[in-house]
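The values are calculated or read from the model by the stated rules, or taken from the named source; none is laboratory data. Here the structure is a predicted model, which means the values were calculated and not measured. Methodologically, a virtual Cβ is constructed for each residue, glycine included, from the backbone with ideal geometry; neighbour enumeration extends over all protein chains shown. Accessible surface is based on the protein model in full, side chains and every heavy atom, while ligands, DNA and RNA are left aside. Shrake-Rupley method; radii C 1.70, N 1.55, O 1.52, S 1.80 Å.
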Amino acid sequence: MDKTKIPVLPLRDIVVFPRMVVPLFVGRDKSVNALEHVMTGDKKIMLITQKSATTDDPKKDDLFDFGTVANVLQLLKLPDGTVKVLVEGIQRASINIFYDKEDFLESDIDLIDETVDSTDKKLRALSKSATDQFDKYVNLNKKIPPEVIGSINEIDELGKLSDTIASHLSIKLSDKQEILESIDVHARFEKILNFIGSELDVMQVEKKIRGRVKTQMEKTQREYYLNEQMKAIQ
């Protein structure tokens, strides 16, 4: 692990994974200051998710200890004073020493290296299972574009594959944070499979309920039209 000092950008309602490119809208003064500061240097910033999205002025205890170092690819100041940034996650990192400075938040962080043995048969089997389950998940979850499956199938790097799948799951923020904190890729895929399994169970039940409701509505409509026809005949 390497130690380094870096400005911190607290996130309200998103967990950013390494290798993900994500647009963010930033409005808090300290966060805007942090972004403006990094744009004059190496453009690297530490993305840390808040434990509660409602906290307006987060301190160390309001943030998770684990996040993602990212590159700021683009920064655009909007007329209302907010800033739109495009960030690309680079590497997992954990907070070591936290500095609540007057102008922006800063931290000493430990950069966390990820080692993946692509020849590991168990890991390959886990990744295949996660990809298959994710395929079913996308087919049931209409919010995810089907082309995501195509891009997933093209990823050979298993660490990136696990993070990409995790980033598309409609699960709680704390669950995504749990996946982010899984440095071991075996454990990460196992967590992903557990979360997808639970979500698929819920979706299957919802699908059955929708089917029953639709059938009942169709039956009610048929009975209504028959009754109206009988009245007309009479």
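Protein heavy-atom surface of the stretch 17-156, 1.4 angstrom probe: 51% of the accessible area is carbon and sulfur, with nucleic acids and ligands not counted.
Using a probe of 1.4 Å on the protein chains alone, the accessible area found for SER167 is around 30 Å².
Taking 35 Å as R0, compute the FRET efficiency from the Cβ-Cβ separation of THR119 and LYS5 and round it to 0.05.
Numbers: r = 37 Å, r/R0 = 1.06.
Working from the Cβ atoms, E equals 0.40.
The 3J(HN,Hα) values that the Karplus relation (6.51, -1.76, 1.60; θ = phi - 60°) gives for the stretch 61-78 are, in residue order, 5, 8, 10, 5, 7, 10, x, 9, 6, 9, 8, 8, 7, 9, 9, 10, 7, 8 Hz. Gly and Pro appear as x. Say the cut-off is 27 Å between C-alpha atoms; which of LYS43/LYS101; LYS43/LYS143; LYS122/LYS142; LYS5/LYS122; LYS44/LYS160; LYS44/LYS176 go over it? Violating the 27 Å limit, Cα to Cα: LYS43/LYS143; LYS122/LYS142; LYS5/LYS122. For the residues SER52, SER162, a 1.4 Å probe over the protein chains yields an accessible-area ranking, largest first, of SER52, SER162.
Rounded to the nearest whole Hz, the Karplus-based 3J(HN,Hα) values (6.51 cos²θ - 1.76 cosθ + 1.60, θ = phi - 60°) of the stretch 210-226 follow the sequence 4, x, 5, 4, 4, 4, 5, 5, 5, 5, 4, 5, 4, 5, 4, 5, 5, with x at glycine and proline.
Could you state the accessible area per residue of the chain in Å², with a 1.4 Å probe and every protein chain left in place? It would help to have the intermediate numbers written out before the result.
Numbers: 13450 Å² over 234 residues.
Averaged over the residues of the chain, the accessible area is 57 Å².
For the stretch 83-234, the dipole from Cβ point charges (+1 on Lys and Arg, -1 on Asp and Glu) about the Cα centre works out to 1540 debye, to the nearest 20. The Cα center of the stretch 84-157 and the Cα center of the stretch 195-234 differ in position by 39 Å. For helix 121-140, report the angle its Cα long axis makes with the longest principal axis of the Cα atoms of the chain; keep it between 0 and 90° and round to the nearest 10°. Helix 121-140 and the main axis of the chain meet at about 50 degrees. A probe of 1.4 angstrom, applied to the heavy atoms of all protein chains, finds MET203 with accessible area near 20 square angstrom. Largest accessible area first, the listed residues LYS176, LYS121 line up as LYS121, LYS176 when surface is computed with a 1.4 Å probe on the assembled protein chains. In the assembled protein chains, SER174 presents an accessible area of approximately 60 Å² (probe radius 1.4 Å).
Here the Karplus relation 6.51 cos²θ - 1.76 cosθ + 1.60, evaluated at θ = phi - 60°, turns the backbone of the stretch 103-117 into coupling constants of 8, 7, 7, 8, 8, 7, 10, 9, 6, 10, 7, 10, 10, 10, 8 Hz, with x for every Gly and Pro.
Apply 1/(1 + (r/R0)^6) to the Cβ-Cβ distance of ASN153 and ASN33, taking R0 = 41 Å, and write down the FRET efficiency to the nearest 0.05.
Numbers: r = 41 Å, r/R0 = 1.01.
After rounding to 0.05, the efficiency reads 0.50.
Taking LEU123, LEU86, LEU226 and ordering them by how much accessible surface each has at a 1.4 Å probe, largest first, produces LEU226, LEU86, LEU123.
For the chain, the relative contact order works out to 20 percent when only alpha carbon pairs closer than 8 Å and six or more residues apart are counted. Projecting the Cα positions of THR82, ILE14, THR55 onto the charge dipole of the stretch 1-133 (unit charges on Cβ atoms of Lys, Arg, Asp and Glu, taken about the Cα centre) puts ILE14 furthest along the positive direction.
If a/c stays under 1.5 just call it rounded; otherwise compare a/b with b/c (prolate if a/b is bigger, oblate if not). Do that for the stretch 139-196, with a ≥ b ≥ c from the square roots of the Cα gyration tensor eigenvalues. Walk me through the numbers before you get to the answer.
Details: a/c = 2.25, a/b = 1.23, b/c = 1.83.
Oblate.
For the pair GLN204 and ILE144 in one chain, pulling the backbone fully straight at 0.36 nm per residue adds 19.9 nm over the alpha carbon distance.
Around the Cα centre of the stretch 1-103, unit charges on the Cβ atoms of Lys, Arg, Asp and Glu (plus for the first two, minus for the last two) sum to a dipole of about 320 debye. Would you work out if the stretch 2-155 is rounded, prolate or oblate? Take a ≥ b ≥ c from the square roots of the eigenvalues of the alpha-carbon gyration tensor; rounded if a/c is under 1.5, else prolate when a/b is larger than b/c, oblate otherwise. Cα axes put the stretch 2-155 in the prolate bin. To the nearest ten degrees, helix 158-168 and the longest principal axis of the Cα atoms of the chain are 60 degrees apart.
Report the FRET efficiency, 1/(1 + (r/R0)^6), for ALA53 and GLU223, where r is their Cβ-Cβ distance and R0 is 45 Å, rounded to 0.05. If you can, show how the numbers build up before the last one.
Numbers: r = 47 Å, r/R0 = 1.05.
The formula returns an efficiency of 0.45 here.
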